[in-house]
1. Normalised by the residues of the chain, what does the relative contact order come to in percent, with Cα pairs under 8 Å and at least six apart?
2. Rounded, prolate or oblate: which one fits segment 3-80, using the alpha carbon gyration tensor with axes a ≥ b ≥ c (rounded when a/c is under 1.5, else prolate when a/b beats b/c, else oblate)?
3. Go ahead and estimate [θ] at 222 nm for the chain from helices alone: -39,500 (n - 2.57) per DSSP H run with n ≥ 4, summed, over the residue count, rounded to 500.
4. Size of the dipole of the chain about the Cα centre, Lys and Arg at +1 and Asp and Glu at -1 on the beta carbon, nothing else charged, in debye to 20?
5. Mind checking the per residue accessible area of segment 1-95 for me, 1.4 Å probe, whole number of Å²?
6. Of the candidates Ile149, Ile13, Ile29, which one comes out as most mobile in a Gaussian network treatment of the chain with C-alpha springs shorter than 10 Å?
7. If each of Val7 and Ile19 carries a label point 7 Å out from its Cα toward its Cβ, how far apart are those two points in nm?
8. Over segment 56-160, what percent of the accessible surface lies on carbon and sulfur atoms, probe 1.4 Å?
Amino acid sequence: MVVVPAVTLMITIPVALFIVAPIGAYGGIYLANGIVWLFDKVGILAGFLLGFFMPLIVLTGMHQSTSPIQIQNISTLGYDYLLPISFCHNLAESGAALGAALRMKDKEIRSAALSTSFSAFLGISEPAMYTVNFVNKTPFICAMIANGIGGALTVVFSAKCFAFVMPGITSLPVYAEPGGGLTNLFLMVLCILATFVISLVLTYLTSSKISSNKNDKNNSVTGK
């Protein structure tokens, strides 16, 4: 009870501070710079690529590196173009978890999938990612594809976010133009709706039914 924790901390703290932390810090800087470069050069393709890889970026926590860019965009431009893609990502994870839930037989697992789908709908995608989508692979891939399409749509429609908020369904009001216009809000609704539906349908169509045996260690949605 004394030696093991002490030795563990003696090993992990230096590794975290001197190896993992610098890698994460510089990785975040390069990621942020790369995103800005992509949007300057390739537009729609940048929206698709960022959307497609956003689930992996969130999975590693690297999405936090884009927050300074978003804040700076809002302070200098009056809007941000990255938050709409993050918004689409949450709806992609929500749709994938819901699509998986519709294939599940076990009530407890289906209930977990439905609850995490709802949390992603509100703006917290990690429960859906770690509990349902990433574990079962197929829903995660479907979410990536759907969010790639959604990200491209945000660029096509020039969707903007006018305040720095958590990208969930309750943040929709900040997508209305400061002058009271609703065009941007309407376009953002189209983007998230398309992303959600594509993710849900793809997951449902490409996933086989989950085992009805809740004790089965392979209780997951597997690709056909």
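1. Relative contact order, the chain: 26 percent.
2. Numbers: a/c = 3.25, a/b = 2.41, b/c = 1.35.
Judged from the Cα gyration tensor, segment 3-80 comes out prolate (a/c at least 1.5, a/b above b/c).
3. Dividing the helical sum by the residues of the chain leaves -21000 deg cm²/dmol.
4. Values: 11 positive and 8 negative charges, 144 e Å.
In total the dipole reaches around 680 debye.
5. That works out to 55 Å² per residue.
6. Of Ile149, Ile13, Ile29, the most mobile in the Gaussian network model is Ile13.
7. 1.7
8. 67
The values are calculated or read from the model by the stated rules, or taken from the named source; none is laboratory data. In this text the structure is predicted, and so the values were computed from the model without any measurement. Please note: Cβ atoms are built from the backbone with ideal geometry, for glycine as well, and neighbour counts cover all protein chains shown. Accessible surface areas use protein heavy atoms only, side chains included; no ligands, DNA or RNA. Shrake-Rupley method; radii C 1.70, N 1.55, O 1.52, S 1.80 Å.
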